[in-house]
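Some notes on the structure that comes next.
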Amino acid sequence: MPCFSITQSKNSCHRFTFARAGLRSAITDLKDGATTMHCWVPQSPNPSKPNLLLIHGFGVNAMWQFVDLLRHVTPHYNVYVPDLVFFGDSYTTRPDRSEWFQAECVMQAMEAHSVRRLSLVGLSYGGFVGYSLAAMYKEAVERVVICCAAVCLEEKDLWEGAFGISDLDEAAGILTPQTPEKLKELVRYTFFKPPPVGLLPSCLLMDFIQAMYSEFVQEKKELIHAIPKNRKLSDLPKIPQPTLIVWGEHDQVFPVEFAHKLKRSVF
């Protein structure tokens, strides 16, 4: 008989919050014989409101990343919150691991819900996907917010020590933790003022890992490896949309210098 899971209980609370905010869970078959996308969508879209797409980063699922933002945006927008491929209930058997493929899948899901125009917020890895969306679908994307996403990074930045962790295998192991110690390392790496997870018993940390990090581990590592592969700033297309760049001054994953580089190089 399965034990009670605190993390799954919190998941249920977040689902209730999303539903109370006027959203419903929806699964879309992309009709390619390989890919399904999950997305939280408005129960009753208001045609007088603009559409806002919230794209999550690596880590916990989209609900956990955006639950505190919902009450601020749902009064003003039709809000859409997808799970990227290999997160939540989104999945593909196709081999493509690029953010461009993720962007294509997100847009197809939006089109399936009759969304033709939207603004977007991309958080960390979601910022890579959001930037790709803006570049690929210039007529559909109206405004862009990039949060802590070093889309201007180059493969050589890893070799030149621009990041605290330059070994991709090590970074992938931290971002997809499978042990309590790795989860503690992830928290130390991603928080400027980390919560005291070290004081929690290992059984609670394992409960969190089982709920959040036990599925598609290899595929997520492949997503991480795909980000810098053959990446050159000269290949990055400029986007025409009004864009806001938001960054953490003490970001350890993507140092704030990349925010200034992004502004100088692309906009």
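The values are calculated or read from the model by the stated rules, or taken from the named source; none is laboratory data. None of the values given here were measured: they were computed from a predicted structure. No Cβ is skipped: glycine too gets one built from the backbone with ideal geometry, and neighbour counts run over all protein chains shown. SASA here: full protein model, heavy atoms, side chains in, ligands and nucleic acids out. Shrake-Rupley method; radii C 1.70, N 1.55, O 1.52, S 1.80 Å.
Conditions (1) modelled with pLDDT of 95 or more; (2) of a type in the set (Val, Ile, Thr), marked per residue:
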{"residue": "Ile27", "(1), (2)": "yes, yes"}
{"residue": "Met37", "(1), (2)": "yes, no"}
{"residue": "Lys49", "(1), (2)": "yes, no"}
{"residue": "Val60", "(1), (2)": "no, yes"}
{"residue": "Leu70", "(1), (2)": "yes, no"}
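How do the pairs read when you match residues in region 93-104 that are under 14 Å from Ile55 (Cβ atoms) with residues anywhere that are of a type in the set (A, V, I, L, M, F, W, C) and open to solvent by 60 Å² or more (accessible area, probe 1.4 Å), using Cβ under 8 Å and keeping only pairs 6 or more apart or on different chains? Qualifying pairs under 8 Å: Trp100/Met136; Ala103/Met136; Glu104/Met136. Applying the condition of being among the polar types (S, T, N, Q) and part of a helix (DSSP H, G or I) to region 212-236 and asking which residue is nearest to Gln65 (Cα to Cα) yields Gln218. Is it fair to say Lys232 is open to solvent by 30 Å² or more (accessible area, probe 1.4 Å) and under 22 Å from Asp96 (Cα atoms)? When the stated conditions are applied, Lys232 passes them. For Lys220, the criteria (1) surrounded by fewer than 17 Cβ atoms within 10 Å (Cβ to Cβ); (2) under 17 Å from the mean Cα position of the chain (by Cα) hold in every case but one, which is (1). Scanning region 188-217 for residues that are open to solvent by 100 Å² or more (accessible area, probe 1.4 Å) and over 20 Å from the mean Cα position of the chain (by Cα) yields Lys193, Leu199. The sole residue among Arg117, Arg143 that is over 27 Å from Lys261 (Cα atoms), of a type in the set (Lys, Arg) and surrounded by fewer than 17 Cβ atoms within 10 Å (Cβ to Cβ) is Arg117. Listed by first and then second residue, the pairs with beta-carbon distance under 9 Å, at least 6 apart or on different chains, first residue in region 229-244 and touching a residue at least 40 places away in the same chain (Cβ under 8 Å), second open to solvent by 90 Å² or more (accessible area, probe 1.4 Å) and part of a strand (DSSP E or B), are Gln241/Arg143; Pro242/Arg143; Thr243/Arg143; Leu244/Arg143.
Scanning for something closer than 26 Å to Ala150 by Cβ, among the small types (Gly, Ala, Ser) and open to solvent by less than 10 Å² (accessible area, probe 1.4 Å), does region 68-89 turn up at least one residue? Within region 68-89, not a single residue is closer than 26 Å to Ala150 by Cβ, among the small types (Gly, Ala, Ser) and open to solvent by less than 10 Å² (accessible area, probe 1.4 Å). Looking only at residues of region 157-187 that are within 16 Å of Met212 (Cβ to Cβ) and assigned to a loop (DSSP other than H, G, I, E, B), we find that the one that is most open to solvent (accessible area, probe 1.4 Å) is Gln178.
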